[in-house]
Amino acid sequence: MAFMGTTLRVNLTDGTIKKESTPVDLAKKYVGGRGLATRLLMNEIDPGIDALSPNNKLIFATGPLTNTNAPTGGRYMVVTKGPLTGGVASSNSGGDWGAYLKKAGYDMVIVEGKAAKPVYLSVMEDEVELKDAAHVWGKRVPETTDMLIAESGQKKAKVSCIGPAGENMVLFASIMNEKHRAAGRTGVGAVMGSKNLKAIVVHGDKKSPIPDPDAFRDLVKGKIATIRGNGITGEGLPKLGTKVLDNIINENGLYPSRNFQDVMYDGTAHMSGEALVEKGYLKRNSGCYMCPIACARNVELPNGRKGEGPEYETGWAFGPLLGFHDLNVICDANFLCNDLGLDTISAGVTIACAMEMYEKGYIKKEELANGPELSFGNTEALPYYLYQMAYREGIGDKLAEGSLRFATSYGCPEFSMTCKGQEIPAYDPRGVQGMGMSYAVGNRGADHVRSYLIGPEILGSPEKLDPQAIDGKMQWLFIFQNLTAVIDSSGLCLFTSFALNADDYADMLNAATGFNLSTEQWLEAGERIWNMERNFNLSAGITPDKDTLPKRFFEEPAQRGPNKGKVHRLPEMLPEYYQIRGWNADGTIPASKLEALGIE
Amino acid sequence: MTIKFFATLKLKLGVASVELDAEPQLSVGDAIRRAEQSTGRSFWSEIFDQDGKTFPGGMVLLDGANIAHLDGVDTRVGDAETISVFPPAGGG
């Protein structure tokens, strides 16, 4: 089957490296990647531990379709206990690194303990060793990447690493691979930094052992054709990237600005995906490993600076959310975060929170120590405070804790736009009831990629739902959460789901693993993964009363646009969601449910 | 009223919008046909399938309200000021 069969276990405390058999027997129940790694994390750590202590473990996990020619078959997941929410953290990344971990011969890397001094892990097929990282500690992501590739002696070696933000344990630090691809959310980079692990360098040329390669190739050809023939994945995303959403979401009246005080932004046309093309900043698009979509933006600014991005979320978090729309500032801030290893969503939302607090008098000017005014519209503030966050300098030391801890420390947590401590992405819950619920009940706090209900509620994919309706929405949420858990765990990109359906994923997983499970069985594996993550969070002390949104979305109606007067209707939907999940009315999971799903 | 074009449609047409005389009884479909005449380019088939429904990822908004939840292309424009037209697009 398409697993390499070997997992690396690296203990940083004593420097030992073991090669273990990948528990492929568990793949029928947990697929791989996100699911399998979370299963191992549940087995191996106490959910109540401090996320930044040596007792935590950090798992880099590929799926069965990683390193295959399935469309987008190159992704990996980083799974750990997260410092931002205190619950399960897992963050997905594209690029090539995941595929190259398998080419080196390994499905997963389980990192334990803490190194006495900075190290990096070199994985060159059979030669696996920990090496001194003193010379790259403190370096930014691009320089670290270049230096470690040079040291490996393999031009095609791939590097997954942290930047200064991870080293300084910024609670929303990312892990970066191929310089521009991010395991961005949930603060996985802070956990890597807490272990004094700077990077993992991988290289090899092994193929994944697929049972019938010819049949698999024929099968995925059809899936690739479906993706290329779809209007979203075949034209919209390649031409304009995810930033095509700026105008769509704004015109639909759910594009948050000024820390979610408004639901539209008047200057959107100046910083949209269309503007990126029209101004000539976009030079070309590019794709991750085996990707037929190629949504990545390769940008060159008038000042000569080049880089990848921005995608939709970053463009919003570093623009309209902060009350400005200068594409140069947005792109430069994106490049800076990639270099420093910062999650752009949490960084932008945290600065937006601080701006609202500053304007309302909660933060005094003296605290800025002659730094730029923390005012909406002040472009100068963005790079300044991003830098301060990454290096924990000045007020940046407090900002580095994320907006909830930051605002709480001033006695005003209501200005933090977070769920379970993680910052909310670029869709205002008042304009899209199902997506708002997705934030509220998310296992890793607010995020948009664990059940992307914007698909049906706004984009009409796979069918159009009224974004303000609530009838039947929780069933959609249930299915999207389960299917996404399967896609994440398989090693494919979520964007394929604009074109492919559950049967398509079942086809490819069966062909790669030889399991021959029904689509329903694969979706049940997704349900199992979701419940397991929830169970981890409950054990970690994240109680069901955290299944909510900031009170702004209940008490401050949208002031304009098609959703004028609307608030979020969570209290009407949450009981139904618990019921559909088969959970108790108080949001806990009955033992009978865990037993029925086979979760030990 | 204003008909606004977005995404790849805007790039293809080379204009962001066209203005039409306000006629409350005009349907959204007729307004889009007039926009085609005004721009000199046919784009109906990039937005709508044979049944006049927008393709997944595509949408037509009447003052921000998706016509899929109104009367589709037969929706009367009434006193609306803006029709926004999007070809299939998506992201995350």
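The values are calculated or read from the model by the stated rules, or taken from the named source; none is laboratory data. What you are looking at is a predicted structure, and each value in this text was computed from that prediction instead of being measured. Every residue, glycine among them, receives a Cβ derived from its backbone with ideal geometry; neighbour counts consider all protein chains shown. Note: areas computed on protein heavy atoms with side chains; ligands, DNA, RNA excluded. Shrake-Rupley method; radii C 1.70, N 1.55, O 1.52, S 1.80 Å.
For the subset of the stretch A:1-57 comprising residues that are in contact with a Leu (Cβ under 8 Å, 6 or more places away or on another chain) and basic (K, R), which member is surrounded by the fewest Cβ atoms within 10 Å (Cβ to Cβ)? For the stretch A:1-57, the residue satisfying everything is A:K18. State all residues of the stretch A:531-547 that are open to solvent by 50 Å² or more (accessible area, probe 1.4 Å) and either at pLDDT below 95 or under 21 Å from A:F415 (Cα atoms) (or both); if no residue qualifies, say none. Scanning the stretch A:531-547 gives A:D545, A:K546.
The residues on offer are A:M290, A:M264, and the sole one that is more than 10 Å from chain B (Cβ to nearest Cβ), open to solvent by 10 Å² or more (accessible area, probe 1.4 Å) and at pLDDT 95 or above is A:M290. Taking (1) in contact (Cβ under 8 Å) with a residue 24 or more places away in the chain; (2) away from chain B (no Cβ under 14 Å) in turn, A:G442 satisfies each apart from (1). Screening A:G315 against (1) touching a His at 6+ places or on another chain (Cβ under 6 Å); (2) under 24 Å from A:G184 (Cβ atoms); (3) within 14 Å of another protein chain (Cβ to nearest Cβ) leaves a single unmet condition, (1). Among the residues of the stretch B:48-62, those identified as more than 10 Å from chain A (Cβ to nearest Cβ) and surrounded by 18 or more Cβ atoms within 10 Å (Cβ to Cβ) are B:F48, B:V60. Each residue in the stretch A:406-444 was checked for being on the phi > 0 side of the Ramachandran plot and touching a Leu at 6+ places or on another chain (Cβ under 7 Å), and 1 pass.
One line per residue, one yes/no per condition, for (1) in contact (Cβ under 8 Å) with a residue 60 or more places away in the chain; (2) more than 27 Å from the chain's Cα centre (by Cα):
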residue	(1), (2)
A:F216	yes, yes
A:G222	no, yes
A:T233	yes, no
A:G236	no, no
A:K239	no, no
A:I249	yes, no
A:P256	yes, no
A:Y265	yes, no
A:M271	no, no
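The listed residues are A:K18, A:K81, A:K102, and the only one of them that is of a type in the set (D, E, K, R) and under 18 Å from A:N535 (Cβ atoms) turns out to be A:K81. Of the listed requirements (1) within 26 Å of A:A469 (Cβ to Cβ); (2) more than 14 Å from chain B (Cβ to nearest Cβ); (3) of a type in the set (G, A, S), A:G541 misses just one: (1).
Is at least one residue of the stretch A:361-372 within 26 Å of A:L254 (Cβ to Cβ) and either more than 14 Å from every other protein chain (Cβ to nearest Cβ) or open to solvent by less than 40 Å² (accessible area, probe 1.4 Å) (or both)?
Looking through the stretch A:361-372, none of the residues is within 26 Å of A:L254 (Cβ to Cβ) and either more than 14 Å from every other protein chain (Cβ to nearest Cβ) or open to solvent by less than 40 Å² (accessible area, probe 1.4 Å) (or both).
Checked against (1) of a type in the set (A, V, I, L, M); (2) over 14 Å from A:R34 (Cβ atoms); (3) crowded, with 20+ Cβ neighbours inside 10 Å, A:A485 passes all but a single condition, namely (2).
Are any of the residues in the stretch A:542-558 free of Cβ contacts under 8 Å to residues at least 60 places away in the same chain and small (G, A, S)? No, every residue in the stretch A:542-558 fails to be free of Cβ contacts under 8 Å to residues at least 60 places away in the same chain and small (G, A, S). Here the strands (runs of 3 or more DSSP E) wholly within the stretch A:154-260 that include at least 1 residues being aliphatic (A, V, I, L, M), surrounded by 24 or more Cβ atoms within 10 Å (Cβ to Cβ) and out of contact with any Phe, Trp or Tyr (no Cβ under 9 Å at 6 or more places or on another chain) are A:175-177, A:181-183.
Regarding the stretch A:420-427, can at least one residue be identified that is within 24 Å of A:P575 (Cβ to Cβ), within 11 Å of chain B (Cβ to nearest Cβ) and open to solvent by 10 Å² or more (accessible area, probe 1.4 Å)? No, because not a single residue in the stretch A:420-427 is within 24 Å of A:P575 (Cβ to Cβ), within 11 Å of chain B (Cβ to nearest Cβ) and open to solvent by 10 Å² or more (accessible area, probe 1.4 Å).
For the stretch A:373-400, residues that are in contact with a Ser or Thr (Cβ under 9 Å, 6 or more places away or on another chain) and open to solvent by 60 Å² or more (accessible area, probe 1.4 Å) total 1. Scanning the stretch A:271-280 for residues that are away from chain B (no Cβ under 12 Å) and either buried (at least 18 other Cβ atoms within 10 Å of the Cβ) or of a type in the set (S, T, N, Q) (or both) yields a count of 1.
Summed over the stretch A:73-93, residues that are over 15 Å from the mean Cα position of the chain (by Cα) and open to solvent by 10 Å² or more (accessible area, probe 1.4 Å) total 1. The conditions of being more than 25 Å from A:I589 (Cβ to Cβ) and within 11 Å of chain B (Cβ to nearest Cβ) are met by A:P462.
Being part of a helix (DSSP H, G or I), in contact with a strand residue (DSSP E or B) (Cβ under 7 Å, 6 or more places away or on another chain) and basic (K, R) holds for only one residue in A:K102, A:K131, and it is A:K102. The set of residues from the stretch A:488-509 being small (G, A, S) and more than 18 Å from A:G33 (Cα to Cα) comprises just one member, A:A499. Counting just the residues of the stretch B:63-92 that are closer than 15 Å to A:N252 by Cβ and open to solvent by 20 Å² or more (accessible area, probe 1.4 Å), which one comes out farthest from the other protein chains (Cβ to nearest Cβ)? My answer is B:L70.
Among the residues of the stretch A:494-523, the ones that are open to solvent by 20 Å² or more (accessible area, probe 1.4 Å), closer than 25 Å to A:M4 by Cβ and within 14 Å of another protein chain (Cβ to nearest Cβ) come to 1 in all.
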